[in-house]
Amino acid sequence: MPPAPASTAPQPPITPRADWGADESISPEQPDYLPGGKIKAVVVHHTAESNSYTCDQAPAVVRGIYAYHVKQLGWKDLGYNFLVDKCGTVYEGRKGGVDRPVMGAHAYGFNSETTGISVLGTYTDAAPSQAAMLSVARIAAWKLGQYGADPAGTTTLTAGASGRNYFGKTWTKGAQLSFPTIHAHRDSYNTQCPGGAFYAQLGTLRSWTAGPVAGLKITSLTGVGVSGSTYYTKASVTVNWSATTPASLISRYELLVDGKVTATTAATATSAKTTLAVGSHKISVRAIHQSGKTATSAAATVIAETTRPTFTTKPSLALRTGTVNTTAVPLTLKWKATDSAALKHVRLTAPSAKTYGPTTSSAAHTAKSAVATAWNMTAYDQAGNTASASVTGTPVILQETAATKSGTWSTKSSGSYLGGKSYSSVSKNASLTWTFTGRSAAWVVSRATSSGQAYVYVDGVKAATVDLKSTTTKYRDAIWTKSWTTSAKHAIKIVVVGTNGRPTITTDGLVYLK
């Protein structure tokens, strides 16, 4: 008996002849072994029978093939070295030792240098199941690994007889012929075996058998933020990956950080966690095929950083133009946040919830009058570091009656006015002056097609000429605003211009922010 050399690939589970019920009395002859004692190729077959058997019925199918080969064909034993059912179970075929170079009767003219693996069923139109394909790959890897044959390469076989293959190629006895190390029966004999659908899968079968692991890629990272193609974390990150090579053909995975192994996982794993030191890192995944060949994914750039964002401009409030209500005074919230690595967003958490992008630095809001409202903001960077800041403001509505007036003003009443009333004047140089302590002010008016112009003075200095004319009638319209960096005492004075043909000015009060 030839020796059983160690293999570069692990031996898969194999059901012995006794377990599938081989009747040894019908094949009493001793096995033959390959003359050179070396397997140079694997020949893939199908048994050309029904595919409708169940997993429990498969041993009976094997027994039937055994009986046919011995009793009908007159062979000394089963022709195939191994058989595989659609559920992936591997059966010992011809006797002589599964780990030995047993000569089978499966490839006329080429039995003396090959081993034969046959899948139960017919695969002309339907390909074998993945379970069957995996088992064929594992058997092929183990047997070829005993003799150093490359499953993805080619081999030279010597024809033991003249022959012709399915594709019309002919040869004479003794010819030296090149075959893929894993090839189909039809490549060396004029038969459709192992069926067209199975034949189309031989490329996949060779890839699975030979390695390396195919389709390996990082699919996502969790516990991180991302900006462009760069990921950010405080320290820990979970790397998720996938591969197209089935796990049963893989020995293990390794997580690499800057080329060094930081975690090793089982072949069935699809993720691993690692903790990073502060700085920029390259993270990749390495897969070790059962053959020992390795494949490494493209690297992801991950920056670990713990520096908090900064509000380079603290949140501030300013009144803005728009329609004024006691429950909704229009104002603008401003801020500026930056980060040393990558700012993710800024969240307003009170008095309402809103999230803003990293480049946004202002937003329009409204606030209740006479209510001190805190505006709380938190800046987040891509790594998850945060910084918080806030500002508090109280919009105060000063009615027109709170102003010091000169000239002629008449009172107008309507539910559309703030407080139900407003002042109106057509007198040139009539004025109203409000005095307050705050950091922002807005003049509130009513507007129509007949509305005229007014001068606005701030602390005794003319600041603007405002035209109240509007193609549509408007009420409680904050038409002009002024803001300061700090809160201080100010005086806002409006003066009627007396515009020719439309001298009327109707004022509804002043809002200031304290």
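On the full set of protein chains, 1.4 Å probe, figure out the accessible area of Arg447 and give it in Å² to the nearest 10.
Answer for Arg447: close to 40 Å² accessible.
Taking the Cα centre of each part, how many Å lie between region 340-399 and region 102-169?
After rounding, the separation between the Cα centres reads 70 Å.
Give the separation of the Cα centroids, region 444-479 to region 225-265, in Å.
64
Along region 459-470, what does the Karplus equation 6.51 cos²θ - 1.76 cosθ + 1.60 (θ = phi - 60°) give for ³J(HN,Hα), rounded to whole Hz, x for Gly and Pro?
Working through the residues one at a time gives 6, x, 10, 4, 10, 6, 10, 10, 9, 8, 4, 8 Hz.
In nm, what is the difference between 0.36 nm times the number of residues separating Thr238 and Ala328 and their Cα-Cα distance? Walk me through the numbers before you get to the answer.
Details: separation 90, 0.36 × 90 = 32.40 nm, distance 4.61 nm.
Fully extending the segment from Thr238 to Ala328 adds 27.8 nm.
Which value in nm describes the separation of the simple spin-label points at Thr485 and Thr306, placed 7 Å from the Cα toward the beta carbon?
Once both label points are built, they end up 3.6 nm from each other.
Work out how much length Val391 to Asp467 would gain on full extension: take 0.36 nm times their residue separation and subtract the Cα-Cα distance, in nm to one decimal.
24.1 nm
Give me the number: length gained by fully extending Thr154 to Asn190, i.e. 0.36 nm times residue separation minus the C-alpha to C-alpha distance, one decimal in nm. Write out the running numbers ahead of the final one.
On the way: separation 36, 0.36 × 36 = 12.96 nm, distance 2.03 nm.
Residue separation times 0.36 nm, minus the Cα-Cα distance, leaves 10.9 nm.
Using 7 Å Cα-to-Cβ label points, what is the Ser280/Gln11 separation (nm, one decimal)?
5.2
What FRET efficiency do you get for Val371 and Ala448 if R0 is 25 Å and r is their Cβ-Cβ distance, rounded to the nearest 0.05?
Values: r = 31 Å, r/R0 = 1.25.
After rounding, the FRET efficiency stands at 0.20.
Just the number please: accessible area per residue for region 1-70, 1.4 Å probe, all protein chains included, in Å². Numbers along the way, then the final one.
Working: 3650 Å² over 70 residues.
Accessible area per residue: 52 Å².
Using amide H atoms built in the peptide plane, which far-off residues or other-chain residues are under 5 Å from Ser251 H to H?
Residues meeting the amide H criterion: Ile288, His289, Gln290.
Using 7 Å Cα-to-Cβ label points, what is the Asp19/Ser178 separation (nm, one decimal)?
For Asp19 paired with Ser178, the spin-label model returns 4.1 nm.
Let's test this: bin the Cα-Cα distances of the chain at 10 Å from zero up to the farthest pair and state each bin's percent.
All Cα pairs considered, the percentages come to 4, 15, 16, 11, 8, 8, 7, 7, 8, 8, 6, 3, 0, 0.
What is the sum of charges, Lys and Arg at +1 and Asp and Glu at -1, for the other residues whose Cβ falls under 15 Å from the Cβ of Asn500?
Details: positive: Lys428, Lys469, Arg502; negative: Asp467.
With Lys, Arg at +1 and Asp, Glu at -1, the net is +2.
Divide by every residue of the chain the summed helix terms, -39500 (n - 2.57) for each DSSP H run of at least 4, and state the resulting mean residue ellipticity at 222 nm, rounded to the nearest 500 deg cm²/dmol. Could the numbers behind the result be given before it?
Numbers: 5 runs with 43 residues, N = 514.
Taken over the chain, the calculation gives -2500 deg cm²/dmol.
Sequence gap at least 6, Cα distance under 8 Å: using those rules, report the relative contact order of region 349-399 to the nearest whole percent. Display every interim value, and only then the final one.
Numbers: 55 pairs, mean separation 19.1, N = 51.
Relative contact order, region 349-399: 37 percent.
If I model region 137-296 as equal point scatterers sitting on the Cα atoms and use the Debye formula, what is log10 I(q)/I(0) at q = 0.08, 0.10, 0.20 Å⁻¹?
Results for region 137-296 at q = 0.08, 0.10, 0.20 Å⁻¹ read -0.38, -0.52, -1.19.
Compute the FRET efficiency between Thr296 and Ala4 as 1/(1 + (r/R0)^6), taking r as their Cβ-Cβ distance and R0 = 45 Å, and round to the nearest 0.05.
Numbers: r = 34 Å, r/R0 = 0.75.
Using R0 = 45 Å, I get an efficiency of 0.85.
Can you work out ³J(HN,Hα) from phi for every residue in region 386-400, in order, using Karplus 6.51 cos²θ - 1.76 cosθ + 1.60 and θ = phi - 60°, giving whole Hz and x for Gly and Pro?
9, 9, 10, 7, 8, 9, 10, x, 10, x, 10, 9, 9, 5, 4
Could you put Lys86, Lys143 in order of accessible surface area, largest first, with the 1.4 Å probe and the full protein assembly present?
On the way: Lys86 65, Lys143 0 Å².
The most accessible residue leads, giving Lys86, Lys143.
Let's see if you can work this out: charge +1 on each Lys and Arg Cβ, -1 on each Asp and Glu Cβ, no other charges. What is the dipole magnitude of region 1-83 about its Cα centre, in debye to the nearest 20?
Values: 6 positive and 8 negative charges, 56 e Å.
Here region 1-83 has a charge dipole of around 280 debye.
Mind giving me the FRET efficiency for Ala197 and Thr219? R0 is 30 Å, r the Cβ-Cβ distance, nearest 0.05 is fine. List each step's numbers first, then the result.
Working: r = 30 Å, r/R0 = 1.00.
It comes out at approximately 0.50.
Just to confirm my understanding: which cysteines in the chain have no other cysteine beta carbon less than 4.7 Å from their beta carbon?
Cys193
The values are calculated or read from the model by the stated rules, or taken from the named source; none is laboratory data. Everything quoted here is computed from the prediction, not taken from an experiment. Every residue, glycine among them, receives a Cβ derived from its backbone with ideal geometry; neighbour counts consider all protein chains shown. When the accessible area is computed, the model is the full protein with side chains, heavy atoms only, and any ligands, DNA or RNA have been set aside. Shrake-Rupley method; radii C 1.70, N 1.55, O 1.52, S 1.80 Å.
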